[in-house]
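A short write-up of the structure that comes next.
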Amino acid sequence: MLNIQGVYTALVTPMQNNEVDYAALRRLVEMQIAGQVAGIVPVGTTGESPTLTYEEHAKVIRTVIEVAAGRCQVIAGTGANCTREAIEMTREAAADGADGTLQVTPYYNKPTQEGIYRHFSEIADKGGLPVFLYNVPGRSGVAIAESTVQKLAANSNIVAIKEAAGSVDRVSAIKHLCGDSITVLSGDDSLTLPMMSVGAKGIISVASNIIPAEMSKMVAAFLQGDLATAQALHAKYFAFFRDQFIETNPIPIKAAMAMAGLIAEEYRLPLCEMSPANREKLAATMRECGMI
């Protein structure tokens with residue numbers, strides 16, 4: 001059974017010349033493990049999953065599993081807006097040795113709550129991996145209703161939910177309805193501590209792509225009751241938490257990582273480089289936070 005708490009990094013997919021940069025990917029995984037993250041989440045939306053081919057998608061997950069080599073959990077991003085496709089990708093990740101799967105709410109087709117319930121239930125029953133639900137209505141177009149989370153939590157293969165709707169109240173509501181039958185993880189770096197204060201156990205983080213050790217320290221401090229340390233780290237990096245979403249994720253985080261010399265700055269269309277004004281604002285924020 002997975003011990004679900006701490007920092008899980010929603011890993012970017014590094015690219016060069018419009019191809020996945022697997023050498024850089026391996027270096028990033030080692031950096032995450034050195035930063036003592038609890039887990040890595042390859043090929044979520046931060047990993048540009050919509051524009052990776054099926055073969056690239058599978059190879060990125062397989063590479064992360066191979067490099068991690070059991071030193072941290074690997075929660076494979078294998079969500080899709082086609083239930084059959086999500087099951088197929090999840091089964092492949094399971095065969096490759098993933099520890100769990102992150103499953104985003106089906107996007108664009110906007111299913112009803114009954115459709116959402118059946119979608120996640122099918123994946124949990126047939127995919128072969130523990131399921132982390134991913135509630136992000138701002139990108140998927142539809143939320144997982146709290147009552148639907150309650151129904152899904154009755155399935156022993158559905159173990160966690162990433163809450164990226166920007167609502168601390170939703171964490172309280174889910175805990176009220178589900179108790180400990182499902183683990184809540186924040187989906188917003190800036191809301192990590194507020195969500196943990198009402199029962200979340202950690203964060204699926206974008207910021208930890210560049211500051212894994214600092215995010216791990218912040219979350220561990222909170223879990224250990226050292227609120228002063230947790231609050232100090234939150235305050236130090238809050239401006240970056242905010243500005244890493246100054247444009248569509250993962251554009252700013254990849255730009256920030258490039259500024260820090262970690263990867264080449266490259267995206268796949270329709271994503272493209274930041275505007276000059278936003279780039280300078282992000283750089284100024286990183287300097288303010290002592291990151292460059």
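Diagonalising the gyration tensor over the Cα atoms of segment 98-149 and scaling each eigenvalue by 5 before taking the square root yields semi-axes of 18, 12, 9 Å, largest first. Amide H to amide H distances under 5 Å link SER205 with TYR8, THR9, ALA10, where only residues 5 or more positions off or on other chains count and H is placed in the peptide plane.
Percent of accessible area on segment 86-152 owned by carbon and sulfur, 1.4 Å probe? It is 49 percent, rounded to a whole number.
Using the Cβ-Cβ distance between GLN16 and ARG84 with R0 = 35 Å, the FRET efficiency computed as 1/(1 + (r/R0)^6) comes to roughly 0.60. Only lysine pairs 8 or more places apart or on separate chains count here, and in the chain those with Cα atoms under 18 Å apart total 10. Whole-Hz Karplus values for segment 204-216 come out as 9, 10, 8, 4, 5, 4, 10, 10, x, 5, 5, 5, 4 Hz, taken residue by residue from phi with 6.51 cos²θ - 1.76 cosθ + 1.60 and θ = phi - 60°; glycine and proline positions read x.
For segment 1-131, the share of DSSP beta bridges that are antiparallel, to the nearest 5, is 20%. Converting phi to 3J(HN,Hα) with the Karplus coefficients 6.51, -1.76 and 1.60 and the offset θ = phi - 60°, segment 68-84 yields 4, 6, x, 7, 8, 6, 10, 10, 6, x, 10, x, 7, 8, 10, 4, 4 Hz in sequence order, with x at every glycine or proline. Extension gain for the segment ALA23 to ARG71, taken as residue separation times 0.36 nm less the Cα-Cα distance, is 15.4 nm to one decimal.
Computed over the chain with a Gaussian network model linking Cα atoms closer than 10 Å, the most mobile of ILE204, ILE33, ILE75 is ILE33. Test of understanding: extend the Cα→C-beta vector of SER275 to 7 Å, then name every residue of segment 215-250 with backbone N under 19 Å from that spot. What the label zone holds, given the 19 Å backbone N cut-off, is 242-250.
Using a Förster radius of 30 Å, what is the FRET efficiency between SER197 and ALA264 based on their Cβ-Cβ separation? Nearest 0.05, please. With R0 = 30 Å, the Cβ-Cβ based efficiency is 0.20. Centre-to-centre, using Cα atoms only, segment 130-150 and segment 232-292 are separated by 27 Å. The HN-Hα couplings worked out from phi for segment 111-124 by the Karplus form 6.51 cos²θ - 1.76 cosθ + 1.60 (θ = phi - 60°) are x, 6, 4, 5, x, 4, 4, 5, 4, 5, 5, 4, 5, 5 Hz, whole numbers, x standing for Gly and Pro.
A simple spin-label model places the labels of PHE238 and LEU177 3.1 nm from each other, with each point 7 Å out along Cα-to-Cβ. Using C-alpha pairs under 8 Å with a sequence gap of at least 6, the mean separation divided by the residue count of the chain gives a relative contact order of 18 percent. Counting only DSSP beta bridges with both residues in the chain, the antiparallel share comes to about 5 percent. Electrostatic tally near GLU122: other residues with Cβ closer than 14 Å to its Cβ, Lys and Arg +1, Asp and Glu -1, net +1. Residues whose amide H lies under 5 Å from that of THR78, counting only those 5 or more places away or on a different chain, are LEU102; hydrogens are built 1.01 Å from N in the peptide plane.
The values are calculated or read from the model by the stated rules, or taken from the named source; none is laboratory data. A quick note: this is a predicted structure, and the numbers were derived from the prediction, not measured. Counting neighbours? That spans all protein chains shown, and the Cβs are built from the backbone with ideal geometry, glycine included. The accessibility values were calculated without ligands, DNA or RNA, using every heavy atom of the protein model including side chains. Shrake-Rupley method; radii C 1.70, N 1.55, O 1.52, S 1.80 Å.
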